[in-house]
Amino acid sequence: MSDDFKPFLIAWNLTRRCNLRCDHCYLSAGERDSGAADELSTEECFRVVDEISRVNPHTMLVLTGGEPLLRKDLSDIARYASRKGMMVVVGTNGTLLTDQKVTELLDCGILGVSISMDSLNAGKHDSFRCRPGALAGAIQGMEVCRRQGLAFQVHPTVTQFNVHEIPGIMDFAHQKGAKVFNLFFLVCTGRGEMMSDITPEAYEQTLSYLADAQGRH
């Protein structure tokens, strides 16, 4: 494969397990004590990492889900990939990030996490994520990461209910010490299949705001 076509970033949905049941989840992830029948074992995950490494050993590998922190072997997979030379990060809803967990992530070579935040209003965020306390958990996760020195980014999913909140969420993320603000747009599949996307005008307004805000942050 030519260097021009080697993947730089791979996002890998490790599991459908999740402690939340977000309205927009394109995987329809939900609470599970164990993975779905098609969830790969640890050894199978190692083989996938080997295959990725053969294509590009310097890939940025995003381990996500579902909620990847529910996999007990997440650290093993991350350590294996980081030793191959990959830049390993984790996509999480943030609610399970304790001091002990963040220390574990740092020890296995994870370079950062991305944390979901869809509103600064607890009622709206928790309703969207279908779990009371979801916003408080995400904010606590940010504070733990900052205290422990694990880089984090904040990513909202833009929908009709929160498109007007994006400037405020961005400012909040900056104040909390986020290294990156990564905006996701709705993928109308899974549980999000029946949700309405924002209007073309709202897309234009949001992207224009991001372009302007990049200089400020």
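The values are calculated or read from the model by the stated rules, or taken from the named source; none is laboratory data. Keep in mind that this is a model prediction, so the values were computed, not measured. Cβ atoms come from the backbone with ideal geometry, glycine included; neighbour counts cover every protein chain shown. These accessible areas exclude ligands, DNA and RNA; they are computed on the full protein's heavy atoms, side chains included. Shrake-Rupley method; radii C 1.70, N 1.55, O 1.52, S 1.80 Å.
If you take the beta carbon distance between Ala151 and Val48 as r and set R0 to 22 Å, what does 1/(1 + (r/R0)^6) give as a FRET efficiency, to the nearest 0.05? Calculated value: 0.35.
How much FRET efficiency would the formula 1/(1 + (r/R0)^6) give for Leu106 and His58, where r is the Cβ-Cβ distance and R0 is 25 Å, rounded to 0.05?
0.75
Treating the angle as unsigned and between 0 and 90°, give the value, to the nearest 10°, between the Cα long axis of helix 200-216 and the longest Cα principal axis of the chain. The angle comes out near 70 degrees. For the chain, the fraction of alpha-carbon pairs lying more than 26 Å apart is 37 percent, rounded to a whole number. With protein chains left intact and a 1.4 Å probe, residues in the chain average 51 Å² of accessible area per residue.
Specify the angular offset, from 0 to 90 degrees and rounded to the nearest 10, of the alpha carbon long axis of helix 74-83 from the longest principal axis of the alpha carbons in the chain. Its long axis makes an angle of about 70 degrees. Counting protein heavy atoms only, segment 95-217 has 54 percent of its accessible area on carbon and sulfur, 1.4 angstrom probe. Only lysines eight or more places from Lys84 in sequence, or on another chain, were considered; those with a Cα closer than 30 Å are Lys6, Lys72, Lys101, Lys179. The helix-only estimate of mean residue ellipticity at 222 nm for the chain, built from DSSP H runs of length n ≥ 4 each weighted as -39500 (n - 2.57), is -12000 deg cm²/dmol after division by the residue total.
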